[in-house]
Amino acid sequence: MCGIIGYIGFQRAQPILLEGLKRLEYRGYDSAGVATIEDGRLVIVKSAGRISNLEACLEQRPLLQSTIGIAHTRWATHGCPNDINAHPHSDASGRIALVHNGIIENYATLRQYLEGKGITFRSETDTEVLAQLIGHLYAPGQLESAVRQALIQVQGTYGIAVLCLDEPDKIVVARRGSPLIIGVGADEYIVASDASAIVQHTSQVIYLSDGEIACLDRQGLRTTTLDARQVSKAVQSLELTLEQIELGGYQHYMQKEIFEQPTALRNCMRGRLDMHESRVVLGGITKLDRELARARRIILMGCGTAWHAALIGEYLLEDFARIPAEVEYASEFRYRNPVIEFGTALVAISQSGETADTLAALREGKERGATVLGVVNAVGSTIARETDAGVYLHVGPEIGVASTKAFTGQVAVLAMVAIWLGRKRHLSPTAAEILIRELARIPERIEQVLTSAEHIREVTEKYCDRENWLYLGRGYNYPVALEGALKLKEISYIHAEGMPAAEMKHGPIALISKGTPAVFIATRGAQYGKVISNIEEVRSRGGCIIAVATEGDAAVAKLADHVFYVPDTPDPLQPLVTVVPLQLMAYYAALARGCNVDKPRNLAKSVTVE
Ligand code: M6R
């Protein structure tokens, strides 16, 4: 949700900022802008739309030569996506420029106060209020102090970078609730919302914590808290490589991320499946070994795709470990006065580790005494740092807005956690051994599904003009139906509903008319016979059946208009395999409809506002 970047050093800032913005564009693409100090002037260039629009604006101007600058790519919250609302924003004097990721919740009160002081606002944004407030509080040579005083008055979330014409060799940055990482190079700093904009310059980083302010100049950096206490920060090494965030030979990140799932899952499970001892090894949570083995209840939380993975996690934990488990939308949990009894463990699931709703929910759970675990992909992210323990996905960076490999990574990790916990409670070594062996085979099973990509494309193209789709599954494949529907809606803008197949007859079956595509996940397993009956019900009402079925199942082929076969897999692990054809369908539907696969409208990869 908005990406910010800043540079100070000895190189020209503009190309570094633009390159960084392109890496951050997945966080928002409503507008983009840059501010530098050029020949004693504060220069701000900004434009609605993609970063390419900003580049075009910059090309029409004399080259910016400055070695300091800040820049922003926006996902609009307050004020529509136009040139005026684009960041950077400046104060009334035009001497201070600021970029911001987050939401200033008390912006209306602050704006009223500043307007009372005679300040005229140009934009509708909450961000301009902060720029104006800093300008209002500024005394010569005291930028850091003005930022501090302003932030003390602010309610809400922010990751900011601030430039001041009167202190031209300095960038002041700060964060609360929005991510900010400082890349440490040789006599230079690159500050950004995430590591993807930093990795090509340096692998040495400092993770700024909530409530910290850093003042960067070419000689060094100083970090303090909001109440001006000095903090010493460790420089850490990034795990990310440049290759991981490049497209390679693929056309889109989503395509790359779907096809790299076998490798991603091998990395995710590497060193964690001990075949000889029939156990799972999860270094990140062993310190809570005894506490978790005795947990009385587990609450899993996430948003969107992570919530779907959490739902599978609930089934897995109850199945393997016999622990009462339940799933919560992170956004609802915090505001509904949840009951957290002694012995409750809370699992926050998040690819980015920065989702504001999930972060707020985990803080609420922690406050109420729950043990808090993270299932996170982004190493060093806020959720990873604020949880008591956790398991990283290790599936590599996910850049496409539609989550794919993170979903299979989350399900794989939750399966491993459930087996790990199961062995401490009710799961026999024999049952664990079978599950571990089956888990280890998942990457090759996904490889097999991926060989049907062309067939999936052909079928999808036949139906991609239909505006209403249903996705139906039972048991472990019900969350997969939800996930399939979400994938289709978010990148191809087709209305799709996912539901338990049995629920259809309680209402949604009324939506079926001649030609309505109904995607059934009808693999062999516990509820196979019942799903077949549900297929019959839709077929007899004229729906077009697209089935995901177990290889060799001729019975489904007779009923369905089209079948995508997947290798036989035990029920609890089926989501790891059955979701893949649905990811491919969504991808090919979006392509056929001419949609921007990696940057769907109105969305951003990382939702850092509540
Ligand atoms: O980074 P997170 O896993 O916390 O993100 C949660 C959701 O915003 C995310 O899964 C979203 O639903 C995806 N765009 C779905 O593809």
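The values are calculated or read from the model by the stated rules, or taken from the named source; none is laboratory data. Model, not experiment: these values are computed from the prediction. All Cβ positions, even for glycine, are placed from backbone atoms using ideal geometry, and neighbour counts span all protein chains on display. All accessible areas refer to the heavy atoms of the entire protein, side chains included, with ligands and DNA or RNA removed. Shrake-Rupley method; radii C 1.70, N 1.55, O 1.52, S 1.80 Å.
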* Asked: What number of residues within the stretch 528-557 satisfy the criterion of being open to solvent by 70 Å² or more (accessible area, probe 1.4 Å), out of contact with any Ser or Thr (no Cβ under 8 Å at 6 or more places or on another chain) and more than 22 Å from Gln583 (Cα to Cα)?
  -> 4
* **Selection status of Glu503, at pLDDT 95 or above, acidic (Asp, Glu) and either outside any loop (DSSP other than H, G, I, E, B) or surrounded by fewer than 18 Cβ atoms within 10 Å (Cβ to Cβ) (or both)** => no
* To do: Being part of a loop (DSSP other than H, G, I, E, B), farther than 30 Å from Ala586 by Cα and touching a residue at least 40 places away in the same chain (Cβ under 8 Å) is the filter here, so list the residues in the stretch 234-261 that pass it.
  => Val235, Leu238, Glu239
* To do: Could you please find all residues in the stretch 389-413 being surrounded by fewer than 24 Cβ atoms within 10 Å (Cβ to Cβ) and either away from the ligand (no atom under 16 Å from the Cβ) or assigned to a helix (DSSP H, G or I) (or both)?
  => Ala389
* Please specify each residue of the stretch 300-330 satisfying the condition of being under 17 Å from Glu341 (Cα atoms) and within 16 Å of the ligand (Cβ to nearest atom). => Leu300, Met301, Val327, Glu328
* Structure fact -> The correct count of residues that are touching a residue at least 24 places away in the same chain (Cβ under 8 Å) and open to solvent by 30 Å² or more (accessible area, probe 1.4 Å) in the stretch 328-338 is 3
* Determine if the stretch 431-453 includes at least one residue that is within 16 Å of the ligand (Cβ to nearest atom) and not in a helix (DSSP H, G or I). => no
* Looking at (1) part of a helix (DSSP H, G or I); (2) of a type in the set (A, V, I, L, M); (3) more than 14 Å from the ligand (Cβ to nearest atom), find the lone condition where Ala586 falls short. => (3)
* To do: Determine if the stretch 303-322 includes at least one residue that is of a type in the set (A, V, I, L, M), touching a residue at least 24 places away in the same chain (Cβ under 8 Å) and not in a helix (DSSP H, G or I).
  => no
* Enumeration of residues in the stretch 185-198 that are under 30 Å from Arg363 (Cα atoms) and open to solvent by 20 Å² or more (accessible area, probe 1.4 Å) -> Asp194
* **Criterion (within 26 Å of Glu610 (Cα to Cα), touching a strand residue (DSSP E or B) at 6+ places or on another chain (Cβ under 7 Å) and either open to solvent by 70 Å² or more (accessible area, probe 1.4 Å) or assigned to a strand (DSSP E or B) (or both)) met by exactly one of Val205, Val172** => Val172
* To do: Inspect all residues belonging to the stretch 357-369 and state whether any of them is within 12 Å of the ligand (Cβ to nearest atom), modelled with pLDDT of 95 or more and not aliphatic (A, V, I, L, M).
  => yes
* To do: Could you list, in sequence order, all residues of the stretch 264-285 that are touching a Phe, Trp or Tyr at 6+ places or on another chain (Cβ under 9 Å) and assigned to a helix (DSSP H, G or I)?
  => Cys268, Gly284, Ile285
* Asked: Before we move on, is Ala440 in contact with a strand residue (DSSP E or B) (Cβ under 8 Å, 6 or more places away or on another chain), at pLDDT 95 or above, open to solvent by less than 10 Å² (accessible area, probe 1.4 Å) and among the aliphatic types (A, V, I, L, M)?
  -> no
